[in-house]
Amino acid sequence: MSHETVYAIASGKGGVGKTTTTVNLGTALAEAGERVAIVDADLGMANLAGFVSLNPDSTTLYDVLAGDASIDDATYRLADNIVAVPSGTSLDEYAETSPEGLRDVVEELRSQFDYVFLDVGAGISHETVLPLGLADAVVLVSTPEPAAVHDTTKTIELTDRAGGEIAGLVLTRTRPDGDISHEEIAGRLETPLLGTIPEDPEARDSVYAGTPLVVFEPDGPAAVAYRRLAADLTGVDVSVSTDGGERDPDGSAAIDLEQDGDGAAVSSGGGPERDDDSREAAHDDVSSAITEAESDG
């Protein structure tokens, strides 16, 4: 089993599948019985906020980094073995945050969970560079497109400056008839090729359904690739072949959320459970968050 437990999922360019990769890697490991936390380290965009029903009074990573709340208060249960720590959506609250506090957040989550995935923002900024040095290893996400590959070189440089370690490259939306081999792309970046995620129409459908692809269409080519990637990356025995489990009558395979007596989904992260609805897990809203982050434009 890999000694690395905290991974930064990073890309030089937006819209390459970084958030989708974070969600599906975490879900695959959670289904294998590992305790997983995914953290919205993209403080400016809050890509994971759609996982939970946030109202104006909800506690988020913003509150933690501002020193106004504990990490337990900002941890929301998504399904069995997996929680999310979303960033906020208010620009005023964002202005009050101190990114340096992310170091303490990562260390606390490291002690509570088997694996922690940091969804890192694209581009060059202090809050983008910081997680690259806090993680045990950085997973680079890119499509085979030249512009995306070129921007990946910037992330490699930033990781080096932050004192981080590169785990390798994940290529998403790959096609068998590409002009250049995937190994050659990784070779040009001088980094190992961790895996490839083939173009799969079910990926976008899963986004709109608000369900991770490995649950929505577990036997599809992209879902199988994500499971294989999770196994190869961590050494965890992740079942690549699955029957997909039970499905809802409409054909979707919703996340199995805990429910209270009224049938409402409730969260129970690393901290104490709360009775108010500010920590309700709302997987139906994940589509809006990831669609905005991963749209082809």
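In region 131-157, how many residues are crowded, with 18+ Cβ neighbours inside 10 Å, touching a residue at least 40 places away in the same chain (Cβ under 8 Å) and assigned to a helix (DSSP H, G or I)? Going through region 131-157 one residue at a time, the tally reaches 8.
Residues G163, G168: which one is part of a loop (DSSP other than H, G, I, E, B), of a type in the set (G, A, S) and at pLDDT 95 or above? Steps first, please.
Numbers: G168 fails: part of a loop (DSSP other than H, G, I, E, B).
Residue meeting the stated conditions: G163.
Restricting R110, R103, R173 to residues that are outside any helix (DSSP H, G or I), surrounded by fewer than 24 Cβ atoms within 10 Å (Cβ to Cβ) and modelled with pLDDT of 90 or more narrows the list to R173.
From the set of residues in region 201-230 that are in a helix (DSSP H, G or I) and free of Cβ contacts under 8 Å to residues at least 24 places away in the same chain, which is surrounded by the fewest Cβ atoms within 10 Å (Cβ to Cβ)? Outline the logic, then answer.
Of region 201-230, the ones in a helix (DSSP H, G or I) are 201-209, 213-216, 221-230.
So of that shortlist, the ones also free of Cβ contacts under 8 Å to residues at least 24 places away in the same chain come out as 201-202, 204-206, 221, 224.
Values: P201: 10, E202: 16, R204: 17, D205: 17, S206: 28, P221: 14, V224: 20.
The extreme case among them is P201.
In region 149-196, what count of residues is obtained for those that are of a type in the set (D, E) and over 18 Å from A8 (Cβ atoms)? Give the steps one after another, and end with the answer.
Just the residues of region 149-196 that are of a type in the set (D, E), to begin with: 151, 157, 160, 165, 177, 179, 183-184, 190.
Retained after the next criterion (residues that are over 18 Å from A8 (Cβ atoms)): 177, 179, 183-184, 190.
Result for region 149-196: 5.
Checking region 53-64 against the condition returns no match, with no residue being at pLDDT 90 or above, within 13 Å of F113 (Cβ to Cβ) and of a type in the set (A, V, I, L, M).
Consider V129 carefully, then state whether it is more than 11 Å from A10 (Cβ to Cβ) and among the β-branched types (V, I, T).
On the way: more than 11 Å from A10 (Cβ to Cβ): no; among the β-branched types (V, I, T): yes.
Judged against the criteria, V129 is not a match.
Got at least one residue in region 239-255 being touching a His at 6+ places or on another chain (Cβ under 8 Å), modelled with pLDDT under 95, surrounded by fewer than 19 Cβ atoms within 10 Å (Cβ to Cβ) and not in a strand (DSSP E or B)?
Just the residues of region 239-255 that are touching a His at 6+ places or on another chain (Cβ under 8 Å), to begin with: 254-255.
Right, trim to modelled with pLDDT under 95 and you get 254-255.
Cutting the leftovers down to surrounded by fewer than 19 Cβ atoms within 10 Å (Cβ to Cβ) gives us 254.
The next check asks that each one be not in a strand (DSSP E or B); those that pass are 254.
Among the residues of region 239-255, at least one is touching a His at 6+ places or on another chain (Cβ under 8 Å), modelled with pLDDT under 95, surrounded by fewer than 19 Cβ atoms within 10 Å (Cβ to Cβ) and not in a strand (DSSP E or B), which makes the answer yes.
Scoring L193 on the criteria (1) surrounded by fewer than 22 Cβ atoms within 10 Å (Cβ to Cβ); (2) closer than 13 Å to T20 by Cβ leaves a single failure, condition (2).
The values are calculated or read from the model by the stated rules, or taken from the named source; none is laboratory data. None of the values given here were measured: they were computed from a predicted structure. Neighbour counts are summed over all protein chains in view; Cβ atoms, including those assigned to glycine, are modelled from backbone coordinates with ideal geometry.
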